[in-house]
Amino acid sequence: MRKYLLRQTGSTGGPACPGNSVRSDDWLVRNLGKFSSDAPFSDLDTFYPNITSEIEVFTGHLSEETFQTLGALAVGLTPSVILSKADGQMLNRTLPVLSTIRGWSPAQASIIMKKLLQNGLQLTQARDVLALGTLVPGLPLSEMSRLNDDAVLQLAADENFINILQEAPEFLQQAFVHRILQSNEGKVFPRVPAGLASQIPLSQLLSSQMDFDEINKMLWTPAQAQVLFQAVLKSPLKYSQLSSSLLQGFSCGAANFLNQSQFAELIRVLASKHIRIDKSQLSCTAKRLKGFITPSDFEEYPADILLYMGMEKDLGPDNCEKYFRQMGRVHFDILKKEASKWKTLLGQAEHCLGISNASLSKKNLQILGTLSCTLNDSQIIKSDPYILQVLQHCSSFTASQVTAIQHRMEDIFGSPTTWTVGTLQEMGNLTSTLDSNILQRIPETLKTLFFPNFLSRLKIYNKEQFMYSLKQLRGPQRNKRDTTCHGVPLTADRVRKEKDMVAALYTSSSDLETCLPDSVLKNNLELFGNMEFEDALLQVLKMKLDKMLGVLPEDYLPLLGNIGKTYQPAEMAQWNITASDTLVGLLRGTSWLNHDEKVNAMVKQYLKGNRTGLGGIVLTALDPHVCALDDNLLQHLSPKDIRELTTPLDISRCSQRKKNLIYHQVKATVQEHQNTQNAYYQMLKSLLGGAPSEDLIQYAAGSPVMDLDTFTALNPKEVKKLSTQNLKDLLDVNLSELNTITEHPTVQAWVKAHTQSEVNAIGLKVTAGHPDPTPNGFFVLTSAPPVSRAEGVLMKEHTLQISYTIFLALWGVMISLGTS
């Protein structure tokens, strides 16, 4: 961009014509506008990184002309720059332009909306909201709640508004759906747009007036589909007519009323529509289909289920290759979990395909598919080069596999010193396996060109591999502190182009401190907050922010991201968290795992504004951290808040006391649905760790076919109170799986509380905690305790006396019988 401008002016100092009175920033804007009008829209992303830095240099503020001239390029302005350089009154006048620009991030749109509202913008009618256009994702939650019922229903019927809202953060979609439901007089489905159905609370999914055709058109989350699934299966719709969105809710418990033939048909439909069955349901599905699937029709069923079937022993030579081609479609995470199965399976596949050595042909690799992810280092090294294509589908590798993959890549692509961007692109996902030794041999310019975008994609799809790559990209760390920047100074351009690579290139606290200008951090705060810096470097960023801003203003808090974790509860207690948007932004900006005190501090700050509850939107955002709340904060989980939840709460990290408390609070809000047994169970499944035994017995009556993950999360003290029949009803075909986890505390608690015959009755191969009671009419012979010599002589004399007495009595009986 700067080179383009230099060509237009011949200098860096301003307009080419001497004596021109136009301000330099206006001149820059016109040139940027000319450039943007010359550039095809598809190329604009290339130039975004340059825009803000140029405007930072030439302007102290953003003007109407800035936005009018920039047009689509305005989305290159960072949220921080808009926050510090845009005036609210000016933005109000520029709204007709701003509302048509596509590509605003939620943070950009949010800041613009706040400034607009602070400077007199009124949103009372539907037309006012529609006039916001592409800025809708920035609507504050408070404004959404103020809309009247008529405005809400008009907006719900506007297709363009709904399309834009679907690009907004989920919490804003949730707020809008909540307002629709409030305006709907109890009718849930008809008014909620299909694309926003995922925001309907679980507690409001069931209705006596369910329109199954309408439900079938809507887009559901897996949790919602699980609640609806049994009712849908009992509807007039055929399995093949059910949408993929609903079919993802499949569970063995919901389908337990189907006969064998119906169940098999349902599973075939899932396979034909490429619906992935949840891994917790694979074992029970395979058990129900045992003996039903034949070698002639196995291709009609999902590969993941076949892994649990063990059919490979019964296959003839004609079906062998077809079977393993189907098995090659097993999802890698399932394969990885069932190590004992795939090791056996791979050996059988090698026998079937006639593989006699470590070298696999391209055809064999194509047949094996995902099974190739289990090949050992020798096979990876010696097989056809196509192996690198097949391994693209594996999400993780062992250390020996990584070494072998690196060996093959150097063998095929040559020395890393000669690699190009094209080479790395051809490696695809396997680029994430490169270790620091190889990465240090790749030219720095090449790494800078390739890795920023590669890391951005990897961060979304495989966070574990992203963190590994980032660690390998980091060079040797220097611990010595000084005031000289030893690296390349960070500019706004570099930050926006290199993205997460910045966190790999700057590993020394002193380098980051000296190489990062305060203004670059402030104007790119959201970008730095999203980077995965190590803790020591995050502290550097915090220190700089504290120096510039002191106590952080509320508008900056949602931009903090990972930097937020560096603040202590005492510092958070000074934050001004007045809006639920602010708290949700903080909670969603980073992972707060193991930062319970900080989560509590932020929530307390939010509740200081005389609020009576958290609200369903905040509670949904708190879900991963609900266990972090102390008892006082948990009291704010009102029935109203809980009814607005759109996802099941995760209480796996809670203490048993908190599990019990949360379970009973949520149960009270959905108890009206207990007659719809499976749906009621699905609503509470993630909370059953807090359920008492009497409730578990109630769920067992509905035959939920509980999976092992849910069972092992139950309270052992409550599980031990269950009878053998309760366990059979609760687990159904999964009962035999308990033998794979006999050492688990939940299983042990039940075993120790029951007798051997009870343990045997459910097929558990372990020793019980109690012996079986003696049947009526039988004596139990026990060994006598040892006696002294004197006691032995006395006992002997008494025994002789007793024997003599018995003999005389028997003699008398015999004489009397003979006389008679």
Just for the range 253-267: of the residues that are under 27 Å from SER198 (Cβ atoms) and not in a loop (DSSP other than H, G, I, E, B), which one is nearest to the chain's Cα centre (by Cα)? ILE267
Failed condition for LEU365, given (1) modelled with pLDDT of 95 or more; (2) crowded, with 17+ Cβ neighbours inside 10 Å; (3) farther than 22 Å from LEU315 by Cα: (3)
Being surrounded by 18 or more Cβ atoms within 10 Å (Cβ to Cβ) and assigned to a loop (DSSP other than H, G, I, E, B) is the filter here, so list the residues in the range 368-393 that pass it. LEU375, SER383
Members of the range 572-622 found to be closer than 22 Å to SER655 by Cβ, in contact with an Asp or Glu (Cβ under 6 Å, 6 or more places away or on another chain) and in a helix (DSSP H, G or I), listed by number: ASN600, LEU619
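Return yes when HIS673 is in contact with a Leu (Cβ under 6 Å, 6 or more places away or on another chain), under 23 Å from GLN174 (Cα atoms), of a type outside the set (Val, Ile, Thr) and open to solvent by less than 40 Å² (accessible area, probe 1.4 Å) and no when it is not. First the steps, then the outcome.
Working: in contact with a Leu (Cβ under 6 Å, 6 or more places away or on another chain): yes; under 23 Å from GLN174 (Cα atoms): yes; of a type outside the set (Val, Ile, Thr): yes; open to solvent by less than 40 Å² (accessible area, probe 1.4 Å): yes.
Taking the combined requirement at face value, the residue satisfies it.
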Would it be correct to say that PRO96 is part of a helix (DSSP H, G or I) and closer than 29 Å to GLY561 by Cα? no
Complete set of residues in the range 734-754 that are closer than 15 Å to LYS720 by Cα and surrounded by fewer than 16 Cβ atoms within 10 Å (Cβ to Cβ): THR742, GLU743, HIS744, PRO745, LYS752
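Here is a yes/no grid of residues against (1) under 25 Å from the mean Cα position of the chain (by Cα); (2) at pLDDT 95 or above:
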position	(1), (2)
THR647	yes, no
ASP650	yes, no
HIS673	no, no
PRO704	yes, yes
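Inspect the range 146-167 for any residue being open to solvent by less than 10 Å² (accessible area, probe 1.4 Å), in a loop (DSSP other than H, G, I, E, B) and either touching a helix residue (DSSP H, G or I) at 6+ places or on another chain (Cβ under 6 Å) or under 29 Å from ASP641 (Cα atoms) (or both) and give the result as yes or no. If you could, list the steps in order and put the result at the bottom.
Just the residues of the range 146-167 that are open to solvent by less than 10 Å² (accessible area, probe 1.4 Å), to begin with: 147, 151-152, 155, 161, 165.
If we keep only those that are in a loop (DSSP other than H, G, I, E, B) too, we end up with 147.
Next cut, either touching a helix residue (DSSP H, G or I) at 6+ places or on another chain (Cβ under 6 Å) or under 29 Å from ASP641 (Cα atoms) (or both) only: 147.
There is at least one residue in the range 146-167 that is open to solvent by less than 10 Å² (accessible area, probe 1.4 Å), in a loop (DSSP other than H, G, I, E, B) and either touching a helix residue (DSSP H, G or I) at 6+ places or on another chain (Cβ under 6 Å) or under 29 Å from ASP641 (Cα atoms) (or both).
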Mind checking which residues of the range 307-354 are at pLDDT 90 or above and outside any helix (DSSP H, G or I)? GLY328, ARG329, VAL330, HIS331
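Restrict the check to the range 116-130 and report whether at least one residue is within 30 Å of VAL495 (Cα to Cα), more than 30 Å from the chain's Cα centre (by Cα) and in contact (Cβ under 8 Å) with a residue 12 or more places away in the chain. Walk me through how you get there before you give the answer.
Within the range 116-130, the first condition is being within 30 Å of VAL495 (Cα to Cα), and the residues that meet it are 116.
Adding the requirement that they be more than 30 Å from the chain's Cα centre (by Cα) leaves 116.
In the following step, the residues that additionally are in contact (Cβ under 8 Å) with a residue 12 or more places away in the chain were identified as 116.
Scanning the range 116-130, I find at least one residue that is within 30 Å of VAL495 (Cα to Cα), more than 30 Å from the chain's Cα centre (by Cα) and in contact (Cβ under 8 Å) with a residue 12 or more places away in the chain, so the answer is yes.
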The range 736-761 residues that are closer than 17 Å to ALA713 by Cβ and modelled with pLDDT of 95 or more, paired with ones that are assigned to a helix (DSSP H, G or I) and open to solvent by 60 Å² or more (accessible area, probe 1.4 Å) (beta carbon under 8 Å, 6 or more apart): ALA749/LYS717
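So which residues in the range 529-563 are among the hydrophobic types (A, V, I, L, M, F, W, C), crowded, with 16+ Cβ neighbours inside 10 Å, touching a helix residue (DSSP H, G or I) at 6+ places or on another chain (Cβ under 6 Å) and assigned to a helix (DSSP H, G or I), if there are any at all?
Step one: filter the range 529-563 for residues among the hydrophobic types (A, V, I, L, M, F, W, C), giving 531, 533, 536-538, 540-541, 543, 545, 548-549, 551-552, 557, 559-560, 563.
Checking the rest, the ones that are also crowded, with 16+ Cβ neighbours inside 10 Å come to 531, 533, 537-538, 540-541, 545, 552, 557, 559-560, 563.
Cutting the leftovers down to touching a helix residue (DSSP H, G or I) at 6+ places or on another chain (Cβ under 6 Å) gives us 531, 533, 537-538, 540-541, 557, 559-560, 563.
The answer is LEU537, LEU538, VAL540, LEU541, LEU557, LEU559, ILE563.
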Of all the residues that make up the range 412-428, how many are in contact (Cβ under 8 Å) with a residue 24 or more places away in the chain, open to solvent by 40 Å² or more (accessible area, probe 1.4 Å) and closer than 23 Å to SER361 by Cβ? 1
Among the helices (runs of 4 or more DSSP H) contained in the range 212-252, which hold 3 or more residues that are open to solvent by 10 Å² or more (accessible area, probe 1.4 Å) and within 17 Å of THR676 (Cβ to Cβ)? 222-233
Just one of SER359, SER396 is small (Gly, Ala, Ser) and either closer than 26 Å to ASP297 by Cα or open to solvent by less than 20 Å² (accessible area, probe 1.4 Å) (or both); which is it? SER396
Give SER296, SER240, SER280, SER244 a once-over and let me know the one that is among the small types (Gly, Ala, Ser) and without any contact (Cβ under 8 Å) to a residue 24 or more places away in the chain. SER296
On the basis of being outside any loop (DSSP other than H, G, I, E, B), open to solvent by 30 Å² or more (accessible area, probe 1.4 Å), of a type outside the set (Asp, Glu) and at pLDDT 90 or above, does GLN182 make the cut? no
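Filter the range 626-661 for residues that are charged (D, E, K, R), free of Cβ contacts under 8 Å to residues at least 60 places away in the same chain and not in a loop (DSSP other than H, G, I, E, B) and give the result. Spell out how you get there, then give the answer.
Keep residues of the range 626-661 that are charged (D, E, K, R), which gives 630-631, 640-641, 643-644, 650, 653, 657-659.
From what's left, free of Cβ contacts under 8 Å to residues at least 60 places away in the same chain: 630-631, 640-641, 650, 653, 657-659.
The answer is ASP631, LYS640, ASP641, ARG657, LYS658, LYS659.
Restricting attention to the range 691-717, which residues are over 13 Å from LEU735 (Cβ atoms) and open to solvent by 30 Å² or more (accessible area, probe 1.4 Å)? Before you say what the answer is, go through the steps one by one.
We begin by selecting, within the range 691-717, every residue over 13 Å from LEU735 (Cβ atoms); these are 691-699, 701-702, 709-710, 712-717.
Residues satisfying the conditions are GLU694, ILE697, GLN698, ALA701, ASP709, THR712, ALA713, PRO716, LYS717.
The values are calculated or read from the model by the stated rules, or taken from the named source; none is laboratory data. Since the structure is predicted, the reported quantities are computational estimates derived from the model, not experimental observations. Positions of Cβ are backbone-derived with ideal geometry, glycine not excepted, and every protein chain shown enters the neighbour counts. Quick note on the areas: whole protein, heavy atoms, side chains included, nothing else; ligands and nucleic acids left out. Shrake-Rupley method; radii C 1.70, N 1.55, O 1.52, S 1.80 Å.
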